[in-house]
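The values are calculated or read from the model by the stated rules, or taken from the named source; none is laboratory data. Keep in mind the model is a prediction, meaning the values are calculated, not measured. Reconstructed Cβ throughout: ideal geometry from the backbone, glycine too, with neighbour counts over all protein chains shown.
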Amino acid sequence: MASTLRLTVFSVFTLFSFHLILSLQEFPHPLDPLTTVEITVIQTIVLKKYPNTTHTLSFHYVGLDDPDKAMLLKWESTPHTVDIPRRAFVIARVDSSTHELLIDLKSLLVLSDNVHTGNGFPTLTVGEQSQAIELPLKYTPFIETVKKRGLNISEVVCSTFTVGWYGEEKRKRAVRIECFVKEESVNIYVRPINGILILVDLDQMKIVYYRDVSKEPVPTEVNTEYRASHMQPPFAPKQHSYGTFQPEGPGFKLNGHSISWANWKFHIGYDVRAGVIISLASIYDLEKHKSRRVLYRGYISELFVPYQDPSEEWYYKTFFDAGEFGFGQSTVSLEPLRDCPPNAHFFDAYYAGHDGSPQHLANAFCVFEQYGNILWRHTESGIPNEEIREVRTEVSLIVRSVVTVGNYDNIIDWEFKPSGSIKLGLSLSGMLEIKAVDYKHKDEIKEDQHGTLVSANSIGVYHDHYYIYHLDLDIDGEENSFLKTDLKTVKVTDGSSKRKSYWTTDTQTIQTESDAKIRLGSSPSELVVVNPIKKTNAGNDVGYRLLPSPAVHPVLVEDDFPQVRGAFTNYNVWVTPYDKTEKWAGGLYVDQSRGEDTLAVWTKKNRNIVNKDIVLWYVVGIHHVPCQEDFPIMPLLSTGLELRPTNFFERNPVLKTLSPMHVKWPTCSKQN
Ligand SMILES: *[C@@H]1O[C@H](CO)[C@@H](O)[C@H](O)[C@H]1NC(C)=O
Ligand SMILES: *[C@@H]1O[C@H](CO)[C@@H](O)[C@H](O)[C@H]1NC(C)=O
Ligand SMILES: [Cu+2]
C-alpha cells in the first residue's frame, strides 16, 4: 500500500512550527545524520498517523534514506544546482506488524507506508530489552530457583539474547534471557547462573517459556574484578607520563561532519544500525592538481558471532550484532585521553529510542592525528665517502568508535594515510561469554565442553567473529572493474635458465558476481579495483588493491541454519553492482531471518560487474578459541584490512611530504 498520505490530522500550529524549525536548520551536507529536531519531527509524524493511545507503537529503525547517488554526486560538483530530498526511512512496529515508512522531511509527508510480510524481525530496541530483563526478577519460579541456589535476587542482573532460527514454521518476536550475579564483582558475564531457560515474547512483554534444567555453581568472583579502583596492589610497573602537543592545533579542518586533512577529504556519518559511515573519500593528487575519488561509502554491514556449543542452553547463540542489536545504538561514549589521545576531537550522535524520541550519545566517535610511524626512509651507504639518510615521519588520521554489544567491545578504526592507504582496523576487547561448569581442572573434563576452561567452573565457549564491510569504492569515478591477478609458478623445462622455476602474474578481469566470490588463502593473488578507462602514463590501470587480513572461512556445514543466515561468510570477497537496496549483508530483517535476503542470495542473479559502479564486500574474521589471558577481561585482539593505491598515482605520492616539525615541550601539568 505505497501511497502518498497527507497528514490532515496534523495540527496547523505543529506543522507550521516544524516547517519553521526545519527551514531554519542548516544542512551543511545531505549525508549528515538525522538531527534531534528531525528525529522529533519523525516521531510526531508517525504518532499522528498511529497515535499511541490506540496503537502499540515502537521505533526499530530511524535513519536517513540514502540520497540518490547520481544526484548526490551532481550536488557535490555543483552544490547549489541540485535540491536533494531529505528523507527518513523508518521501521516501526504498529500493533504487532512491521511498517516501513518513508518520510519526506521538507514536505513533512509520509511518502509511503508498507507492511513487511516476509520473515525476520527488525532490530531490537534498547527500551524493550530494558523491559525484558526486568521480567525474571518478578517471576516467582525464577525467584525461587535463585533462592534455592543460595543466591540473593537483589544481586542478580539479566541480559537479552536473540534466538536465531532453526527451521521453525512460525515465529514470534522473542528473546532469551540469561541472568548473572553482580555480587562482589561487576564482571557479570563471567558469573552466569546456568541452567535456566527463559523466553520472553516481546510483543506481549511476558515470559512465555521457563525451564530450570540444571544447577552448576556460579563461578567465583575471585580475580574477576577489572576496575583499577577496586584492586589491591601490587600493580604492574608504573608507565612514564607522556604528552601530545600540537601548538598550531590539530591538522584537520571540520565543517560539520565533513573533514579535510592533509591530502584527504571525506564525510563522517552515523546511523543507528551501521554506526560510523565514511563517505565521499577523495585524495588530492599533487601532480594532477585535483582531488580524486577513492571511496563513495564504507561501513560495517554486519557482524555475525556464532557460538559453538550445540546444547539446549547454548545452540541458539548465533548473533548478528548489527542487524539484531544495532551498531549505532550499541556505540558507547568514548573516554577522552584513554579511548582517544589528547589531540582528539569528539562528535556526539543521536538516534531514535523505542518511543521514537531522540537519544543523545555523547562522544560517540573521535578523530585524531596519530604519530610515531615511519612514512618512508632510506639509508644509502653504497656511495663511498657519503652517508645519505632520508626519513619521513608518518602522520595518519584516525576515526574511532567503540561498539559494545553486551560482553564484547568492538574498536572500529578508519585510518587515512597520506600515502593514499586506508586501513580499516578492528579490535576486540571485553569479556568472554562464559558457561558455568562443575569442573576446576582440565583433567576432570571427560566430554567435549565446547570451549576452554579459562578459570575454575568457567568455560570460555568457542565462537567466531565475522565482520563484513560494505565498501563502495569509486576509483577515480563510478565505473570500475575488479581484477584478480594470480601468481603462477612457471617451470623451466627447456634448460633456458639455471633455475627450475619462477613465478609470473596472470590477470583476469572478473566478469560476473559468481566469479567474484573468492575464498582467500589457498593461492597467492592480488585483488584490485580499477577504473578501466583511466590509465597511468605508463599504461597501467588506475586502481586500489585489497590487502586482506588472515583469511577466515566458516567451519560449519553450509546448510546449517546459522550458516544459511550468515551465508555472507561463505566467501571472503564478494563484488556486486551498486544497488541502493543492498545494504545489509545478512538482510534488512535479521532477527530470526531465514537467509532469504543475504548477499549470497542477491549474487545468485550473477550480474555483470565489468566497467560498472561496483561494491566490494569483504569479510574479516576471527575464530576464537579462548585462552586464560582472555579472562577476566581480554586485552585487544586486532585484525583488519588495508585499501592501498595501486598504479593510482604516477609515482610515490608522498615523495614531497615533509616530516612534521618537532616542538620543544612547554611547561606543563599532569592530567589523568
Ligand atoms: C505516547 O508517546 C509519547 C511520546 O513518546 C509519550 O510522551 C506518551 O506518554 C505516550 N502515551 C502513551 C499512552 O503511551
Ligand atoms: C541482598 O542484597 C541486598 C542488596 O545488595 C542487600 O541489601 C541484602 O542485605 C542482601 N540480602 C542477603 C540475605 O544477603
Ligand atoms: Cu571472541
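Any residue in the stretch 537-556 that is exposed (fewer than 14 other Cβ atoms within 10 Å of the Cβ) sitting within a Cβ distance under 8 Å of a residue that is part of a strand (DSSP E or B)? List the pairs, counting only those 6 or more apart or interchain. That search, which allows pairs on different chains as well, returns 550/639; 555/464; 555/623. Among the strands (runs of 3 or more DSSP E) confined to the stretch 347-454, the ones with at least 3 residues that are away from ligand 3 (no atom under 16 Å from the Cβ) and under 30 Å from residue 280 (Cα atoms) are located at 358-380, 388-405, 408-416, 422-430. If a residue has to be among the hydrophobic types (A, V, I, L, M, F, W, C), assigned to a loop (DSSP other than H, G, I, E, B) and under 27 Å from residue 584 (Cα atoms) to count, how many in the stretch 261-273 make the cut? Count: 1. Condition first: modelled with pLDDT of 95 or more, more than 27 Å from the chain's Cα centre (by Cα) and of a type in the set (D, E, K, R). Can you find one or more residues in the stretch 452-473 that meet it? No, the stretch 452-473 contains no residue that is modelled with pLDDT of 95 or more, more than 27 Å from the chain's Cα centre (by Cα) and of a type in the set (D, E, K, R). Please determine whether any residue of the stretch 18-35 is modelled with pLDDT of 95 or more, among the hydroxyl-bearing types (Ser, Thr, Tyr) and within 16 Å of ligand 1 (Cβ to nearest atom). Looking for residues that are modelled with pLDDT of 95 or more, among the hydroxyl-bearing types (Ser, Thr, Tyr) and within 16 Å of ligand 1 (Cβ to nearest atom), one finds none in the stretch 18-35, hence no.
Of everything in the stretch 341-374 that is among the aliphatic types (A, V, I, L, M) and over 16 Å from residue 33 (Cβ atoms), the residue that is surrounded by the fewest Cβ atoms within 10 Å (Cβ to Cβ) is 374. Screening residue 125 on (1) within 16 Å of ligand 2 (Cβ to nearest atom); (2) within 20 Å of residue 592 (Cα to Cα) shows it passes everything except condition (1). Filtering the stretch 166-203 to residues that are outside any strand (DSSP E or B) and under 30 Å from residue 587 (Cβ atoms) leaves 166, 167, 168, 169, 170, 171, 172, 173, 189, 202, 203. Selection over the stretch 204-229 of residues that are among the charged types (D, E, K, R) and surrounded by fewer than 15 Cβ atoms within 10 Å (Cβ to Cβ) gives a count of 3. Answer with yes or no whether residue 181 is closer than 30 Å to residue 117 by Cβ, in contact with a strand residue (DSSP E or B) (Cβ under 8 Å, 6 or more places away or on another chain) and buried (at least 21 other Cβ atoms within 10 Å of the Cβ). It is false that residue 181 is closer than 30 Å to residue 117 by Cβ, in contact with a strand residue (DSSP E or B) (Cβ under 8 Å, 6 or more places away or on another chain) and buried (at least 21 other Cβ atoms within 10 Å of the Cβ). The set of residues from the stretch 621-633 being within 13 Å of ligand 3 (Cβ to nearest atom) and either part of a strand (DSSP E or B) or buried (at least 17 other Cβ atoms within 10 Å of the Cβ) (or both) comprises 621, 622, 623, 624, 626, 630, 631, 633. Loosely packed, with under 14 Cβ neighbours inside 10 Å and free of Cβ contacts under 8 Å to residues at least 12 places away in the same chain - does that describe any residue in the stretch 152-161? So far as the stretch 152-161 goes, yes, one or more of its residues are loosely packed, with under 14 Cβ neighbours inside 10 Å and free of Cβ contacts under 8 Å to residues at least 12 places away in the same chain. Could you tell me whether the stretch 215-229 includes any residue that is without any contact (Cβ under 8 Å) to a residue 24 or more places away in the chain, part of a helix (DSSP H, G or I) and closer than 24 Å to residue 431 by Cα? Yes, because at least one residue in the stretch 215-229 is without any contact (Cβ under 8 Å) to a residue 24 or more places away in the chain, part of a helix (DSSP H, G or I) and closer than 24 Å to residue 431 by Cα. Applying the set (1) in a loop (DSSP other than H, G, I, E, B); (2) among the small types (Gly, Ala, Ser); (3) within 30 Å of residue 287 (Cα to Cα) to residue 543 leaves exactly one unmet item: (1).
Among what's in the stretch 433-457 and is farther than 14 Å from residue 309 by Cα and touching a residue at least 60 places away in the same chain (Cβ under 8 Å), pick the residue that is nearest to ligand 2 (Cβ to nearest atom). Ranking the qualifying residues of the stretch 433-457, first place goes to 457. For the stretch 243-260, the set of residues classified as part of a strand (DSSP E or B) and small (Gly, Ala, Ser) consists of 258, 260, listed by residue number. Figure legend. Inter-residue proximity from the stretch 122-151: first residues without any contact (Cβ under 8 Å) to a residue 60 or more places away in the chain, second residues in a helix (DSSP H, G or I) and of a type in the set (Gly, Ala, Ser), beta-carbon distance below 8 Å, spacing 6+ or different chains. No pairs are indicated. Residues of the stretch 302-314 that are of a type outside the set (Asp, Glu) and within 14 Å of residue 177 (Cα to Cα): 314 alone. Answer yes or no: is there a residue in the stretch 488-498 that is crowded, with 19+ Cβ neighbours inside 10 Å and either at pLDDT 95 or above or not in a strand (DSSP E or B) (or both). No, every residue in the stretch 488-498 fails to be crowded, with 19+ Cβ neighbours inside 10 Å and either at pLDDT 95 or above or not in a strand (DSSP E or B) (or both).
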